[in-house]
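The values are calculated or read from the model by the stated rules, or taken from the named source; none is laboratory data. Bear in mind the structure is a predicted one, so any value in this text is a computation, not a measurement. Because the Cβ atoms are built from the backbone with ideal geometry, glycine has one as well, and the counts that use them run over all protein chains shown. Calculation scope for accessible area: heavy atoms of the full protein, side chains included, ligands and nucleic acids excluded. Shrake-Rupley method; radii C 1.70, N 1.55, O 1.52, S 1.80 Å.
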Amino acid sequence: MIFRYLKNKWKNYRYRFTPWIIMNLKESPTEEETIYNKNLNKMRADLGFVTERKPSVLPNGGIGVFVTHGSVEPGTVVSMYPGLIYSPHEPKLFQSLLNPFIFRCIDGMLVDGNDKNLSKFMYRSCCQRDRIGPYLISDMSWLTPFPVNPLAVGQYVNNQSTEHQANVAYQEFDIPADFPFHLRKFIPNNFYSSSYENEEIRQTRVIVLVSLRNIKEGEELFSSYFTVVH
């Protein structure tokens, strides 16, 4: 009887007891994190697999990209390489300093996939410049830990090693100018120069990583920085 009385008293009092509140405080997920998790679930349902960033298995490998759920069939797009697109003649000296995330395309175009420092500022600035009213024509969320497009993590795929052979390869292509406008906000690439030519949106260079073999759940993705699929 006394135990039940004390138990009921504690139930009412504990929400005013600061140590209990601190020990049981759980931080609510942000809106960005909620959307990210929702899209991961959609990726799992629609594609049958999920790729996410995690610490690499390579010594001093930093962050890598892993298949965290499901398995991947050969010839499947497993991630995209986000970033700001530069033509060969455009200035990029300061952006390139100590920047390991610059990808060189076959035709000399460069994609800066760095999500920090000056590169991050430049990408945000160009996206805001090219927006049409309230509508963005490219995705900026890949600059955060919670990209709206979960595939936009390709810049963190590590290069192959003797112990870990490449299981993905790069493929370059251009998104046509008539690509559905409402889907452009999911494309994690934009141009350093204006995205408009003759008052129309030009083709956008996109780089994707394609699986070379079956990739099982738990495997890290490894590419060859010198291999591009045509």
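Sort T51, T34 from largest to smallest accessible area, using a 1.4 Å probe on the heavy atoms of the protein chains.
T34, T51
For segment 40-49, in order, what is each residue's ³J(HN,Hα) by Karplus, 6.51 cos²θ - 1.76 cosθ + 1.60 with θ = phi - 60°, in whole Hz (x at glycine and Pro)?
After applying 6.51 cos²θ - 1.76 cosθ + 1.60, I find 5, 5, 5, 4, 4, 6, 8, 9, x, 8 Hz.
Where does segment 44-186 land on the Kirkwood hydrodynamic radius, alpha-carbon pairs, in angstrom?
Evaluated on segment 44-186, it is 16.7 Å.
N158's amide H: which non-local residues (gap 5+, or another chain) put their own amide H closer than 5 Å, with H modeled 1.01 Å from N in plane and none for Pro or chain starts?
Under 5 Å from the amide H of N158 lie the amide H atoms of V65, S223, each far enough along the sequence or on another chain.
Express in nm, to one decimal, how much length is gained between D178 and S87 on full extension, taking 0.36 nm for each residue of separation and deducting their alpha carbon distance.
30.6 nm
For labels at L97 and N41 in the simple 7 Å Cα→Cβ model, what's the distance in nm?
4.6
So for the pair N117, S161, with labels modelled 7 Å out along Cα→Cβ, what separation do we get in nm?
For the pair N117/S161, the computed spacing is 2.4 nm.
Compare K38, K92 by solvent-accessible area with a 1.4 Å probe and give them largest first, with all protein chains kept in place.
So, going from the largest accessible area down, we get K38, K92.
How large is ³J(HN,Hα), in whole Hz, for each residue of segment 117-132 in order, when computed from phi with the Karplus curve 6.51 cos²θ - 1.76 cosθ + 1.60 and θ = phi - 60°, using x for Gly and Pro?
Ordered by residue, 3J(HN,Hα) equals 6, 4, 4, 4, 4, 5, 5, 4, 4, 5, 5, 5, 4, 8, 5, 10 Hz.
Might you work out the accessible area of H69 for me, using a 1.4 Å probe with all protein chains in place, and round it to the nearest 10 Å²?
About 70 Å², ignoring ligands and nucleic acids.
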